[in-house]
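The values are calculated or read from the model by the stated rules, or taken from the named source; none is laboratory data. The model shown is predicted, which means the values in this text are computed figures rather than measured ones. All Cβ positions, glycine included, derive from the backbone under ideal geometry; neighbour counts span all protein chains shown. We work out accessible area using only protein heavy atoms, side chains counted, and drop any ligands, DNA or RNA first. Shrake-Rupley method; radii C 1.70, N 1.55, O 1.52, S 1.80 Å.
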Amino acid sequence: MTDKRVDDTSPVLAVGVSGTVGRHVGLQLAAAGVRVRTLAQRELLDPASLEAAAQGVNAVLLGWLFPTADGAASAVGVLARNVGRVVFLSSAAVRAEGEVEALLAGSGVRHTVLRAYGFATALQWAEEVRSGAAVQGYGGAARLNPVDERDTAAVAVRALSEDGHDGARYLLTGPESPTQAEQVRIIGEAAGRPARWEEIPRAAARHRMLTTGRPPAIADGALDFIHARIADPEPATTTVRDITGTPARSFRAWATDHAALFR
């Protein structure tokens, strides 16, 4: 992998990026002397605001946290006209993000895609673990491979600040694939409190997702992804180590470092 640095006198724009990953990207870029400009997620859907924010920017870290790809074509068009490269934080469960990936590929802009299965699910378990209640969910036997947000950020920083990543589709994972039930147990051990998984039917899990505002297609896609991982575990990759030179953190390391959130 080449280590040729791109121009770091221009700021990086972070837009539509979740707070946790975005914060770590900001910290790591700042440590490297790169300025970061941020834009609220809602402004991705406002072409005028996005165009103004993109002026003078060399690279963009793009996330897409909306449930559908509505408005993505306009946003990608603005970025393609104004910036040198885009690093897109996609998802291993590619849903709406897949449409954004296709738009980037067709836009002609230099871009890199980071596909990751993150820790959002584990964080959603925090209230149940803190209260001592069982963590209820579907697919306790599903083997998922979440990647630490710090590792995602480290790869994103490389893709934003180095040449040699254009056109890449990087699948980011941790070093192992624990089941969801095992993840809950590991969190309990790290937090020093009992924590257990309680399986619920798929229909019940779908109903819970719908009551939180997820569109039916998104809920079904998420449940399909989990169901597939029961028979076909999510494989571990070495991408984090290959790009950064440092092995990916384990789920237990993440749980230990975030134990206070579950107490």
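Going by what's in this entry, would PHE88 be described as assigned to a strand (DSSP E or B) and not acidic (Asp, Glu)? Yes: the conditions hold for PHE88.
For beta carbons closer than 6 Å, sequence separation of 6+ or different chains, a first residue in segment 60-80 that is closer than 20 Å to ARG37 by Cβ and among the small types (Gly, Ala, Ser) and a second that is part of a loop (DSSP other than H, G, I, E, B) and at pLDDT below 90, the qualifying pairs are GLY63/GLY16; GLY63/VAL17.
The number of residues in segment 172-190 that are in contact (Cβ under 8 Å) with a residue 60 or more places away in the chain, open to solvent by less than 60 Å² (accessible area, probe 1.4 Å) and closer than 13 Å to ALA236 by Cα comes to 4.
Quick check on segment 104-132: of everything there that is part of a loop (DSSP other than H, G, I, E, B), among the small types (Gly, Ala, Ser) and in contact (Cβ under 8 Å) with a residue 40 or more places away in the chain, which residue is nearest to VAL147 (Cα to Cα)? Only one residue tops the list, namely GLY118. Here is the figure for segment 80-108: residues that are in contact with a His (Cβ under 9 Å, 6 or more places away or on another chain) and open to solvent by less than 30 Å² (accessible area, probe 1.4 Å) total 6. Criterion applied to ALA205, ALA181, ALA259, ALA168 was being of a type in the set (Gly, Ala, Ser), on the phi < 0 side of the Ramachandran plot and under 20 Å from the mean Cα position of the chain (by Cα), and the one residue passing it is ALA168.
Within segment 126-172, which residues are closer than 26 Å to ALA259 by Cα and hydroxyl-bearing (Ser, Thr, Tyr)? Across segment 126-172, the qualifying residues are SER131, TYR138, THR152.
Does ARG158 satisfy the condition of being surrounded by fewer than 22 Cβ atoms within 10 Å (Cβ to Cβ), within 30 Å of ILE200 (Cβ to Cβ) and not acidic (Asp, Glu)? In short, no. Exactly one residue out of THR256, THR173, THR211, THR246 is over 20 Å from LEU123 (Cα atoms) and either at pLDDT 95 or above or not acidic (Asp, Glu) (or both), and it is THR246. Among the residues of segment 1-22, those identified as closer than 22 Å to VAL100 by Cβ, of a type outside the set (Gly, Ala, Ser) and modelled with pLDDT of 85 or more are VAL12, LEU13, VAL15. Candidates in segment 192-219 are the residues that are over 18 Å from ALA142 (Cβ atoms) and hydrophobic (A, V, I, L, M, F, W, C); of these, the one that is surrounded by the fewest Cβ atoms within 10 Å (Cβ to Cβ) is ALA217. Residue count for segment 115-135 under the criterion of being touching a helix residue (DSSP H, G or I) at 6+ places or on another chain (Cβ under 7 Å) and either of a type outside the set (A, V, I, L, M) or crowded, with 22+ Cβ neighbours inside 10 Å (or both): the result is 8. Scanning segment 64-79 for residues that are crowded, with 17+ Cβ neighbours inside 10 Å and not in a helix (DSSP H, G or I), we see that the one that is nearest to the chain's Cα centre (by Cα) is TRP64. Contact map, segment 215-234: first residue within 16 Å of GLU182 (Cα to Cα), second residue among the aromatic types (Phe, Trp, Tyr), Cβ cut-off under 7 Å, separation 6 or more or different chains; pairs are ILE226/TYR138; GLU234/TYR117.
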